[in-house]
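A.B. asks: Pasting in a structure now, in structure tokens, and then I'll have a few things to ask.
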Amino acid sequence: MQVVILQQDIAWADPAENVRQAEAAIDRRPGADLYVLPEMFATGFATHPEGVAEKADSETLRWMVRKAAACRAAVAGSLAVEDGGRYYNRLCFVHPDGRVETYDKRHLFTYSGEHRHYTHGTRRVVVTFRGVRILLQVCYDLRFPVWSRNRGDYDVALYVASWPVGRIEAWSALLRARAIENQCYVVGVNRVGRDPVAEYSGASVVIDPYGRTVATCEDHHVSAAEAVLDLERLAAFRRKFPVLEDGDAFELQ
């Protein structure tokens, strides 16, 4: 599977402009299987979603559906969504046939007050696309390894984020840790630029199951990178070194 990670400078609360930029970025990298955009790529990270969040069937989501169909590829990214009177930080994985699978962010960022305005998700979501099993995660979820523990049910962990520059070393270290401990590929897509409260440097990356970086975007710049996820190589590594079989049994409450 060929994955393109798209590191964007998101215009605050301007979905039309952000969609325009995202479309241009995708068009510059044709032929991939999956395009990944950052957290809340249409609006920026809106701690207070009132007046900023879009409806669940927003024009942004409809654009994702159209773009996935046109590219014959999947498009993924999270949106600030108002659904049934509640707000969600919702990661949308759009298949080229128009199917939309969603994951609502489980761990809301209490440090910024996200938990006061959004409803946290309760479902762990793994999507299957072109034979690849992909775990969907959003930003702060990265700090909670139990939630992303590989139960032998996924090949790729996908993280979209608005992770500020002041904590970027944690972002990079934790992405590598998730790849190693879960014996999987990790795709981490962060934004660049500024919003009303923070600065972002990017550090978007694809990491292989050995913890090695196989693709990365340029820090502090709008950029893109691509990588091929080799599932045969992953399966061979897991057979040779079956770490996942020795993991502790547990249940999530």
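A.B. asks: Using a 1.4 angstrom probe and counting only protein chains, how large is the accessible area of T110 in Å², to 10?
C.D. replies: 70
A.B. asks: Tell me the relative contact order for region 138-253 as a rounded percent, counting alpha carbon contacts under 8 Å between residues six or more apart. Walk me through the numbers on the way to the answer.
C.D. replies: On the way: 187 pairs, mean separation 23.9, N = 116.
RCO, region 138-253: 21 percent.
A.B. asks: For region 196-212, take each phi angle, set θ = phi - 60°, evaluate the Karplus expression 6.51 cos²θ - 1.76 cosθ + 1.60, and give the result in whole Hz per residue in order, putting x for glycine and proline.
C.D. replies: x, 10, 8, 10, 10, 10, x, 6, 5, 7, 10, 10, 8, x, 8, x, 9
A.B. asks: Another question about this same structure. How far is the Cα center of region 149-174 from the Cα center of region 8-73, in Å?
C.D. replies: 20
A.B. asks: For T122 paired with R194, estimate the spin-label separation in nm (one decimal), with each label point 7 Å from Cα along the Cα-to-Cβ line.
C.D. replies: About 4.2 nm separates the two model spin labels.
A.B. asks: Beta carbons within 10 angstrom, averaged per residue: use that to sort the peptides 174-184, 87-97, highest first.
C.D. replies: 87-97, 174-184
A.B. asks: Follow-up. Using 1/(1 + (r/R0)^6) with R0 = 30 angstrom and r between the beta carbons of D83 and A24, what's the FRET efficiency to the nearest 0.05?
C.D. replies: Details: r = 29 Å, r/R0 = 0.95.
Using R0 = 30 Å, I get an efficiency of 0.55.
A.B. asks: How many nm separate the modelled label positions at R212 and E181, each set 7 Å beyond the Cα in the direction of the Cβ?
C.D. replies: So the two model labels end up 2.3 nm from each other.
A.B. asks: Right, something else. Rounded to a whole number, what % of the accessible area of region 128-247 do carbon and sulfur atoms account for, probe 1.4 Å? Each step should come with its number before you reach the end.
C.D. replies: Details: 2770 of 5160 Å².
Carbon and sulfur together cover 54 percent of it.
A.B. asks: Given the Cα-Cα distance of H220 and F241 and 0.36 nm per residue of separation, how much length would full extension add, in nm?
C.D. replies: Details: separation 21, 0.36 × 21 = 7.56 nm, distance 3.70 nm.
Additional length available on full extension: 3.9 nm.
A.B. asks: Give, rounded to the nearest 20 debye, the magnitude of the charge dipole that region 32-116 has about its Cα centre when Lys and Arg contribute +1 at Cβ and Asp and Glu contribute -1 at Cβ. Working shown, then result.
C.D. replies: Working: 11 positive and 12 negative charges, 24 e Å.
So the magnitude is around 120 debye.
A.B. asks: While we're on this one: What distance in nm lies between label points placed 7 Å from Cα along the C-beta direction at E59 and F250?
C.D. replies: Once both label points are built, they end up 4.4 nm from each other.
A.B. asks: Of all beta bridges DSSP finds with both residues in region 1-100, what is the antiparallel percent, to the nearest 5? Provide the component values of the computation, followed by the final result.
C.D. replies: Numbers: 10 of 18 bridges.
Of the beta bridges lying entirely in region 1-100, close to 55 percent run antiparallel.
A.B. asks: Okay, next question. Nearest-5 percent of antiparallel DSSP beta bridges in the chain? If you can, show how the numbers build up before the last one.
C.D. replies: On the way: 34 of 53 bridges.
Among the beta bridges of the chain, antiparallel pairing accounts for roughly 65 percent.
A.B. asks: Using all C-alpha to C-alpha distances in region 39-131, build P(r) with 5 Å bins and read off the rounded percent in each one.
C.D. replies: Per 5 Å bin, starting at zero, the Cα-Cα P(r) for region 39-131 comes out as 3, 14, 25, 24, 17, 10, 5, 1 percent.
A.B. asks: Pull out the extension gain between A70 and R130, defined as 0.36 nm times the separation in residues minus the alpha carbon to alpha carbon distance; nm, one decimal. Mind showing how you got there, number by number?
C.D. replies: Working: separation 60, 0.36 × 60 = 21.60 nm, distance 1.69 nm.
Difference between extended and current length: 19.9 nm.
A.B. asks: Counting helices only, and only those DSSP H runs with n ≥ 4, report the 222 nm mean residue ellipticity of the chain as the sum of -39,500 (n - 2.57) divided by its residues, in deg cm²/dmol to the nearest 500. Don't skip to the end; give the middle numbers.
C.D. replies: Details: 4 runs with 51 residues, N = 253.
-6500 deg cm²/dmol, from helical runs alone.
A.B. asks: Also, quick follow-up: Tell me the relative contact order for the chain as a rounded percent, counting alpha carbon contacts under 8 Å between residues six or more apart. Don't jump to the answer; show the numbers that get you there.
C.D. replies: Working: 581 pairs, mean separation 47.7, N = 253.
Across the chain, relative contact order equals 19 percent.
A.B. asks: Debye calculation, C-alpha points only, no solvent: report log10 I(q)/I(0) for region 119-253 at q = 0.10 Å⁻¹, in the same order as the q values.
C.D. replies: For region 119-253 at q = 0.10 Å⁻¹, log10 I(q)/I(0) is -0.33.
A.B. asks: Heavy-atom accessible area of S58 with all protein chains present, probe 1.4 Å, nearest 10 Å²?
C.D. replies: 10
A.B. asks: Amide H of A13: which non-local residues (sequence gap of 5 or more, or other chain) have their own amide H closer than 5 Å, using H built in the peptide plane?
C.D. replies: Correct list: G44.
A.B. asks: I'd like the accessible area for D83: 1.4 Å probe, protein heavy atoms, all chains in place, Å² to the nearest 10.
C.D. replies: Taking all protein chains as shown, D83 has close to 60 Å².
A.B. asks: Amide H of S223: which non-local residues (sequence gap of 5 or more, or other chain) have their own amide H closer than 5 Å, using H built in the peptide plane?
C.D. replies: Q7
A.B. asks: Mind checking the per residue accessible area of the chain for me, 1.4 Å probe, whole number of Å²? Can you show the working numbers first?
C.D. replies: Values: 11090 Å² over 253 residues.
Accessible area per residue: 44 Å².
A.B. asks: Using modelled backbone amide H atoms (1.01 Å from N, in-plane), which distant-in-sequence or interchain residues come within less than 5 Å of V132's amide H?
C.D. replies: The list, which skips near neighbours in sequence, is empty: none.
The values are calculated or read from the model by the stated rules, or taken from the named source; none is laboratory data. Note that the structure is predicted; figures quoted are calculated from it, not measured. Cβ sites come from the backbone with ideal geometry, for glycine too, and all protein chains shown count toward neighbours. These accessible areas exclude ligands, DNA and RNA; they are computed on the full protein's heavy atoms, side chains included. Shrake-Rupley method; radii C 1.70, N 1.55, O 1.52, S 1.80 Å.
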